[in-house]
Every structure is written in structure tokens, then in C-alpha cells.
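What follows is a set of notes on a single structure, which appears directly below.
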Amino acid sequence: MHSLAVTAQVIIACSIALVWIARFPNVVKEFHEYGLPDSVRTLVGSIKIALATLLVAGIWYPRLVMVPALMMAALMVCAQAAHVKVHHVWQRYMPSLALLFLSLFVAATYAKKLHA
């Protein structure tokens, strides 16, 4: 199960990097669509990149993983709420929903590991 969690951590981190670095112009458009200021976008992006970095570091330092995984899950709940706010089609919900589930899976796996 641990190897699946590590894979999930890498998927989460790569997804965040892809969206927030390589596809940043799309992020700018989405945040304007949500009616959020640039400062919120910058803060959210900074937090997501930091959390993704901690998830990768957690591969070697497992005690780092729980908080970033749960915080990433919380940010993905916020992303779901933003999609609801602007009435996106269901397909637009899927990436953040997948990252939400992956983040919760990672947190649950490490919670079991830390309490074992």
C-alpha cells in the first residue's frame, strides 16, 4: 500500500507542477472566471507548489506527509466549490476531484503507517 501512496504523491506533485507552472495562463483565466484577485491566485499557487514539494520530500521523510496531504485535500475542496460557483460542466471538476481523492488516500495511508 505504501508504494501506491508514494505513486500518488508523485502524481499529485507532477499535476500541480504541470498546472501551476506549465499551464499558468489557464490558471490566470480560471481565477478571473471565479472572480478571485491575483493575490489569491498567487497565494494559492505558492501554497500548492510548497505542499507538492513537501509531498515529494515525504517520500524520504514520511513524517512530513500528513499535513501537506490534508492541506492539499482542503485546497481541492475549495477548487470544487469554485467550480460549483461558476457552474462548470462536470468534466471540469474531475482533475481537482481526482487530486482530492489521491490526497486523502495518501493521508490515510500515512496515518495508518505512523500509528502502526
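FYI, it's all coordinate maths here, none of it is from the lab. Keep in mind the model is a prediction, meaning the values are calculated, not measured. Ideal geometry is used to build each Cβ from the backbone, glycine not excepted, and the neighbour counts take in all protein chains shown.
What are the extents of the Cα atoms of region 52-116 along their three principal axes, in Å, largest first?
For region 52-116, the Cα extents along the three principal axes come out at 42, 22, 14 Å.
Going highest first, how would you order 84-94, 61-71 by mean Cβ packing within 10 Å?
Working: 84-94: 10.9, 61-71: 17.9.
Ranked from most to least packed, the peptides come out as 61-71, 84-94.
Quick one: angle between helix 24-34 and the longest Cα principal axis of the chain, in degrees between 0 and 90, rounded to 10, please.
70
For the chain, what does -39500 (n - 2.57) per DSSP helix run (n ≥ 4), summed and divided by total residues, give at 222 nm, in deg cm²/dmol to the nearest 500?
On the way: 5 runs with 88 residues, N = 116.
Calculated mean residue ellipticity at 222 nm is -25500 deg cm²/dmol.
Cβ under 13 Å from residue 83's Cβ, residue 83 left aside: what net charge do those residues give with Lys, Arg +1 and Asp, Glu -1?
Values: positive: 85, 92; negative: 30, 33.
Surrounding charge for residue 83 is 0.
Any chance you could list the semi-axes, whole Å, largest first, of the equivalent ellipsoid that the Cα gyration tensor gives for the chain, using √(5λ)? If you can, show how the numbers build up before the last one.
Numbers: eigenvalues 137, 42, 26 Å².
Gyration-tensor ellipsoid for the chain: 26, 14, 11 Å.
Taking the alpha-carbon centroid of each part, what is the distance from region 1-34 to region 39-64 in angstrom?
Rounded to whole Å, the Cα centres lie 11 Å apart.
I want the local charge near residue 105. Using Cβ-Cβ distances under 14 Å, sum +1 for each Lys or Arg and -1 for each Asp or Glu among the other residues. Display every interim value, and only then the final one.
Details: positive: 112, 113; negative: none.
Around residue 105, the surrounding residues sum to +2.
With springs only between Cα atoms under 10 Å, which of 35, 45, 58 fluctuates most in a Gaussian network model of the chain?
Looking only at 35, 45, 58, the largest GNM fluctuation is found for 35.
Excluding same-chain residues fewer than 8 positions from residue 48, which lysines have a Cα within less than 19 Å of its Cα?
Result set, ordered by chain and number: 29.
Nearest 10 degrees is fine. How inclined is helix 66-85 to the longest principal axis of the chain, computing both from alpha carbons?
20
For the ranges 76-82, 51-57, what's the packing order if you count other beta-carbon atoms within 10 Å of each residue, average per peptide, and put the highest first? Before the final figure, lay out each step's value.
Numbers: 76-82: 16.3, 51-57: 19.7.
Going from most to least packed, we get 51-57, 76-82.
Which net charge results when you count Lys and Arg as +1 and Asp and Glu as -1 among the other residues whose beta-carbon is under 14 Å from that of residue 41?
On the way: positive: 23, 29, 48; negative: 30, 33, 38.
With Lys, Arg at +1 and Asp, Glu at -1, the neighbours total 0.
As a footprinting exposure proxy, order 34, 110 by other Cβ within 10 Å, with the fewest listed first. Mind showing how you got there, number by number?
On the way: 34 16, 110 22.
Fewest-to-most Cβ neighbours within 10 Å comes out as 34, 110.
Rounded to whole Hz and in sequence order, give me ³J(HN,Hα) for region 104-112 from the Karplus expression 6.51 cos²θ - 1.76 cosθ + 1.60, θ = phi - 60°, writing x for Gly and Pro.
For region 104-112, the Karplus-derived couplings read 5, 4, 4, 4, 5, 4, 6, 5, 5 Hz, x marking Gly and Pro.
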